[in-house]
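Comments concern the structure below.
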Amino acid sequence: MKYQLTISSSPHIRAKHSTTSIMGDVCIALLPALLVAVWQFGFRVLAVTLVSVAACVFFEWGYRKMMKKDSTVHDLSAVVTGILLAFVCPPTVPYWVVVLGALFAIVVVKQLYGGIGKNFLNPALAGRAMMMASWAAIMTTWAKPGHWLSLVSNYTGEGVLDGITAATPLAALKADLLPEMELMDAFIGNVGGCIGEVSVIALLLGAGYLFIRKVISPRIPLCFIGTVALLTFLFPQGGHDRLIWMGWQLCSGGLMLGALFMATDYVTSPVTPLGQVIFGVGCGVLTVLIRYFGGFPEGVSYAILIMNVTVGLLDKVGHPRRFGAVREKGGAKA
């Protein structure tokens, strides 16, 4: 009997998931939220998403081509970044703003640091932060649910018809008021907001698919959402009922999208269990602090970005001690 010896470098463990399959699963998981957004705001949502994806793929291909590096567009990571970038934008966002956001997310945040696996910030959220800093009026123009937007109109944030725009639930919560709608509307997706955040149930369905596929762990989302729930229950604003206030805080804005699809990013989140717990709790605390005391109604994206830069420290803190290792007085391990 002849045996074939295969020599390769470590690691020698084969995983059933590849980068392409993981990113493909994330794309599938985001479909329910995309369909709800199309149902509420029309095919402009689909157009914005396609423009964002195409721009992200083009910039990744173009940068690596220019730098004479192997193409990585086949791993679908740029596609996921494009979808998530569109999801954190209002449906009225002009196409050119999305293209510039994609340029920043892919080239500046991702590729300049070496590409996938080497960026320390979530590219989609960093792109949104840049867009918010540059075009705040455009990024805070919200469409009314049930109003289908034109594919070609350029919504610049100024002079938009009142019949098209509407305040989001977070705007009311920021003023210590309850939104003038039912909480179930936010749960099913009958509210205004960014493309990917309008339907809680659609996001939960997508996350459930990722949990079943074991693509993501529930540790970070549970710590993130649980921390927000606990703090908003203990410290409600405006004298409102604790449970109702907490429910609106959980179902409004980008909390579910951020906790389920952004904070769980492999590259920009800790790998140690303890580090993931601290990361999730930190995201939750910062989200509530920004919502309560910050200048913007929403704090999820900034909370995640701030915690992204602590990942190295959190993994160091959460690193398990070697079996049998004893720490000496000088700090070294025997």
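Miscellaneous remarks
- First in the range 195-206 and open to solvent by 10 Å² or more (accessible area, probe 1.4 Å), second anywhere and at pLDDT 95 or above and part of a loop (DSSP other than H, G, I, E, B), Cβ under 8 Å, 6 or more apart: GLU197/VAL88
- Matching residues, the range 182-227, being farther than 13 Å from ALA33 by Cα, part of a helix (DSSP H, G or I) and of a type in the set (Val, Ile, Thr): ILE212, ILE220, ILE225, THR227
- Note on the range 228-242: residues that are among the polar types (S, T, N, Q), part of a helix (DSSP H, G or I) and touching a residue at least 60 places away in the same chain (Cβ under 8 Å) total 0.
- Residue within the range 222-238 that is closer than 25 Å to CYS27 by Cβ, open to solvent by 40 Å² or more (accessible area, probe 1.4 Å), at pLDDT below 95 and aliphatic (A, V, I, L, M) present: no
- Inspection of the range 276-298 identifies no residue that is modelled with pLDDT under 95 and of a type in the set (S, T, N, Q).
- Among the residues making up the range 20-62, those that are of a type outside the set (A, V, I, L, M, F, W, C) and open to solvent by 30 Å² or more (accessible area, probe 1.4 Å) are THR20, SER21, PRO32.
- With respect to (1) over 22 Å from VAL277 (Cα atoms); (2) surrounded by fewer than 17 Cβ atoms within 10 Å (Cβ to Cβ), the lone exception for TRP248 is condition (2).
- Within the range 64-114, if we keep just the residues that are aromatic (Phe, Trp, Tyr) and open to solvent by 30 Å² or more (accessible area, probe 1.4 Å), the residue that is farthest from VAL152 (Cα to Cα) turns out to be TYR113.
The values are calculated or read from the model by the stated rules, or taken from the named source; none is laboratory data. Since the model is a prediction, treat every value here as computed from it, not as a measurement. A quick note on method: Cβ atoms are made from the backbone with ideal geometry, for glycine too, and the neighbour counts reach across all protein chains shown. To get the accessible areas, we keep the full protein, side chains included, count just its heavy atoms, and leave off ligands, DNA and RNA. Shrake-Rupley method; radii C 1.70, N 1.55, O 1.52, S 1.80 Å.
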